[in-house]
Amino acid sequence: MQSNSYYIVNGITFYRLIVAPVLLLFIFTEQREIFKWLLAFSFFTDAIDGYLARKYKVVSVMGSKLDSLADDLTILVAIVGLFFWHWSFIVAEYLWISLLFILYLVQLVFALIRYKKTTSFHTYLAKIAAIFQAVFLVLTFFLSSPPTLFFYAAAAITALDIIEETIMVYLLPKWQADVKGLHEVLQQRR
């Protein structure tokens, strides 16, 4: 069963990798109805693949890296949809969006310099941020306009997550996957 579970869990993650370009196609062909349902399903599969990997004890470094890549692609495609269908919201919130983008770039570049690869920490704060991001983005495509208050909550939590991960990159001399948060890193250093 463990072998089958490994393939099932990674298959769920591969779904998100494969569907990302399909979602882009739906954006550029203006198929918003199909896009929003597939995006919602992608976020749902993001919520269950990690849980299933832990439940069936098929957690792996490769799976963690694939999950991070699939997460990033899903968010990226959703942001492209946001630019395409809600440009006025992007313009109105450009300061928050710019701040998040700059924080993300700093963390990404720092990780690439330090580890020669992106992080895959999967911290508790990252999981909370992912939930807020997913809910905001899914609601955005199901409602007539983006839920602004939910955006601010998601943006604030995401900023805290990126700052935490940047500090973790600074404190961890070697790349590690699945570090639960700054508290865990500080405990390791004692």
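What the table below lists for this structure:
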item: Residues of region 153-175 that turn out to be more than 11 Å from ARG114 (Cα to Cα) and surrounded by fewer than 17 Cβ atoms within 10 Å (Cβ to Cβ), as a count; result: 6
item: Qualifying helices (runs of 4 or more DSSP H) (wholly inside region 17-121; at least 2 residues being in contact with a strand residue (DSSP E or B) (Cβ under 6 Å, 6 or more places away or on another chain)); result: 61-85
item: Region 53-105: number of residues that are within 23 Å of TRP175 (Cβ to Cβ) and in contact with a Pro (Cβ under 9 Å, 6 or more places away or on another chain); result: 1
item: Some residue of region 45-57 being among the hydroxyl-bearing types (Ser, Thr, Tyr), in contact (Cβ under 8 Å) with a residue 40 or more places away in the chain and more than 30 Å from LEU143 (Cβ to Cβ); result: yes
item: Considering residues of region 32-76 that are of a type in the set (Gly, Ala, Ser) and out of contact with any Leu (no Cβ under 8 Å at 6 or more places or on another chain) only, the residue surrounded by the most Cβ atoms within 10 Å (Cβ to Cβ); result: ALA53
item: Among the candidates ARG114, ARG190, residue that is farther than 23 Å from PHE43 by Cα and either exposed (fewer than 13 other Cβ atoms within 10 Å of the Cβ) or at pLDDT below 95 (or both); result: ARG190
item: Residues satisfying the stated conditions in region 56-110, i.e. in the same structural domain as THR123 (by TED's automatic domain parsing), touching a helix residue (DSSP H, G or I) at 6+ places or on another chain (Cβ under 9 Å) and polar (S, T, N, Q); result: GLN107
item: PHE121 surrounded by fewer than 16 Cβ atoms within 10 Å (Cβ to Cβ), in contact (Cβ under 8 Å) with a residue 12 or more places away in the chain and of a type outside the set (A, V, I, L, M); result: no
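Residues checked against (1) touching a residue at least 24 places away in the same chain (Cβ under 8 Å); (2) among the charged types (D, E, K, R); (3) assigned to a helix (DSSP H, G or I):
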{"position": "ALA153", "(1), (2), (3)": "no, no, yes"}
{"position": "ALA159", "(1), (2), (3)": "yes, no, yes"}
{"position": "GLU165", "(1), (2), (3)": "yes, yes, yes"}
{"position": "TYR170", "(1), (2), (3)": "yes, no, yes"}
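Table: residues versus (1) in the same structural domain as TYR15 (by TED's automatic domain parsing); (2) within 13 Å of the chain's Cα centre (by Cα); (3) farther than 28 Å from SER60 by Cβ.
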{"position": "ALA126", "(1), (2), (3)": "no, yes, no"}
{"position": "ILE131", "(1), (2), (3)": "no, yes, no"}
{"position": "LEU149", "(1), (2), (3)": "no, no, yes"}
{"position": "VAL169", "(1), (2), (3)": "no, no, no"}
{"position": "GLU184", "(1), (2), (3)": "no, no, no"}
{"position": "ARG189", "(1), (2), (3)": "no, no, no"}
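The values are calculated or read from the model by the stated rules, or taken from the named source; none is laboratory data. In this text the structure is predicted, and so the values were computed from the model without any measurement. Counting neighbours? That spans all protein chains shown, and the Cβs are built from the backbone with ideal geometry, glycine included.
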